[in-house]
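Student: The structure's right below; bear with me while I get my questions together.
The values are calculated or read from the model by the stated rules, or taken from the named source; none is laboratory data. None of the values given here were measured: they were computed from a predicted structure. FYI the Cβ positions are ideal-geometry reconstructions off the backbone, even for glycines, and counts take in every protein chain you see.
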Amino acid sequence: MKILICGATGLIGSALSELCLKENHQIHYLTTRKSKLAQSEHKKGFYWNPTEGEIDEACFEGVDAIINISGANIAKRWTEAYKQEIVSSRVDTANVLFKALRNTKNHTVKHYISASGIAIYPNSLTENYTEQTKEESDDFLGKVVKQWELHANQFKSLEIPVTILRTGIVLSENGGALGEMAKPVKYGVGAAIGSGKQWQSWIHIEDMVRMYMHILTNNITGTYNAVGPNPTTNKLLTKEIASVLKKPFFLPNVPTFMMKLILGEMSTLVTSSQQVNSQKIENTGFTFNYPELTEALENLLKK
């Protein structure tokens, strides 16, 4: 299979590219940096500039599916300018791909798979969210995800089936949320945030990329929660990181108001709560290699 990956150099994209090559798929990838363009037998890079609407349409040649996991990192200071970048990096990429495909006669693309986020679900300590949930968050990230999904679903008008993966906290040894959470713990100053009772729906990076492959190879369409089957709370997650790293965990919780002072609006990343259900993807035959938090953390933190 030939797959076009957008966001191939990011946390998920690089791991996904590795898995695709391991399973003998061919990869085309799009990059905004001409210095990162490379050509090999199984992997070819193509230039694009979504902000300017530019794309090398040769990237579609012989491609069976597009996986779009492009998007600016949400864990950076949310200035007004950067908030716009968070939105445009998700919307513009989808639009450029859509317009280029609409104008490409006889393209071979049969599947469009898009990342999304569980931030579409409202903040709640009691709800268990499934893909059938109608309530949507009206905060900044909730609005971002709604736009993200709206622009992914436009590919249906080109008669291309669409799959959306609402991604939770991706745990990886190569950075991301786990790296940031582990830093204070390693120095013996790990602490829960706010009440510590807020739900954290997580997934191991290996299961994340396996899920993309499962969807791709089985032609699964629709919207799915990309989270593991056992969400945890912020306090238990931090405590478990400390336990795996053999570090103390005794400090009082960091108050929510302090996180707001430090992070501003971005504090919702660590204070909001979404308990998200993975049953729908499991019903398609997907099984998790790391369903339990302790096992996942031991695999990642002891490398």
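Student: Do we have N289 as without any contact (Cβ under 8 Å) to a residue 40 or more places away in the chain, polar (S, T, N, Q) and farther than 15 Å from Q200 by Cβ here?
Tutor: no
Student: Could you grab the pairs with beta carbons closer than 6 Å, sequence gap of 6+ or different chains, first residue in segment 175-194 and touching a residue at least 24 places away in the same chain (Cβ under 8 Å), second one of a type in the set (S, T, Y)?
Tutor: Taking only residues 6 or more apart or on different chains, the pairs are G190/T238; A192/T238; G194/T256; G194/T271.
Student: Turning to a different aspect of this structure: If the requirement is being touching a strand residue (DSSP E or B) at 6+ places or on another chain (Cβ under 6 Å), outside any helix (DSSP H, G or I) and polar (S, T, N, Q), which of these qualifies: S195, S273? Lay out the reasoning, then the answer.
Tutor: Values: S195 fails: touching a strand residue (DSSP E or B) at 6+ places or on another chain (Cβ under 6 Å).
Result: S273 is the single residue among S195, S273 that is touching a strand residue (DSSP E or B) at 6+ places or on another chain (Cβ under 6 Å), outside any helix (DSSP H, G or I) and polar (S, T, N, Q).
Student: Then there's this: Can you pull out every residue in segment 172-182 that is within 16 Å of N73 (Cα to Cα), surrounded by 14 or more Cβ atoms within 10 Å (Cβ to Cβ) and either modelled with pLDDT of 95 or more or among the small types (G, A, S) (or both)?
Tutor: Across segment 172-182, the qualifying residues are S172, G176, A177, G179.
Student: Something else about it: Of the residues that make up segment 236-255, is at least one in a helix (DSSP H, G or I), basic (K, R), out of contact with any Leu (no Cβ under 6 Å at 6 or more places or on another chain) and surrounded by 19 or more Cβ atoms within 10 Å (Cβ to Cβ)? It would help to see each step written out before you state the result.
Tutor: Residues of segment 236-255 in a helix (DSSP H, G or I): 236-244.
From what is left, the residues that are basic (K, R) are 239.
Restricting the remaining residues to those that are out of contact with any Leu (no Cβ under 6 Å at 6 or more places or on another chain) gives 239.
Remaining after also requiring surrounded by 19 or more Cβ atoms within 10 Å (Cβ to Cβ): none.
Taking every residue of segment 236-255 in turn, none turns out to be in a helix (DSSP H, G or I), basic (K, R), out of contact with any Leu (no Cβ under 6 Å at 6 or more places or on another chain) and surrounded by 19 or more Cβ atoms within 10 Å (Cβ to Cβ).
Student: Going by the conditions given, is A8 surrounded by 19 or more Cβ atoms within 10 Å (Cβ to Cβ) and aliphatic (A, V, I, L, M)? Spell out how you get there, then give the answer.
Tutor: Details: surrounded by 19 or more Cβ atoms within 10 Å (Cβ to Cβ): yes; aliphatic (A, V, I, L, M): yes.
The answer is yes for A8.
Student: Then there's this: Name the residue, out of K22, K99, that is free of Cβ contacts under 8 Å to residues at least 24 places away in the same chain and farther than 20 Å from V145 by Cβ. So that I can check it myself, show each step before the final result.
Tutor: Working: K99 fails: free of Cβ contacts under 8 Å to residues at least 24 places away in the same chain.
Unique residue meeting the criteria: K22.
Student: Restricting to segment 139-159, what's the tally of residues that are outside any helix (DSSP H, G or I) and either touching a helix residue (DSSP H, G or I) at 6+ places or on another chain (Cβ under 9 Å) or surrounded by 13 or more Cβ atoms within 10 Å (Cβ to Cβ) (or both)? Give the derivation first.
Tutor: Narrowing segment 139-159 to residues outside any helix (DSSP H, G or I): 139, 159.
Applying the additional criterion that residues be either touching a helix residue (DSSP H, G or I) at 6+ places or on another chain (Cβ under 9 Å) or surrounded by 13 or more Cβ atoms within 10 Å (Cβ to Cβ) (or both) yields 139.
So the count comes out to 1.
Student: Assuming R210 fulfils every condition listed in (1) in contact with a helix residue (DSSP H, G or I) (Cβ under 8 Å, 6 or more places away or on another chain); (2) without any contact (Cβ under 8 Å) to a residue 60 or more places away in the chain apart from one, which condition is it?
Tutor: Every listed condition holds for R210 apart from (2).
Student: Right, something else. Within segment 94-129, count every residue that is surrounded by fewer than 18 Cβ atoms within 10 Å (Cβ to Cβ), aliphatic (A, V, I, L, M) and not in a loop (DSSP other than H, G, I, E, B).
Tutor: 0
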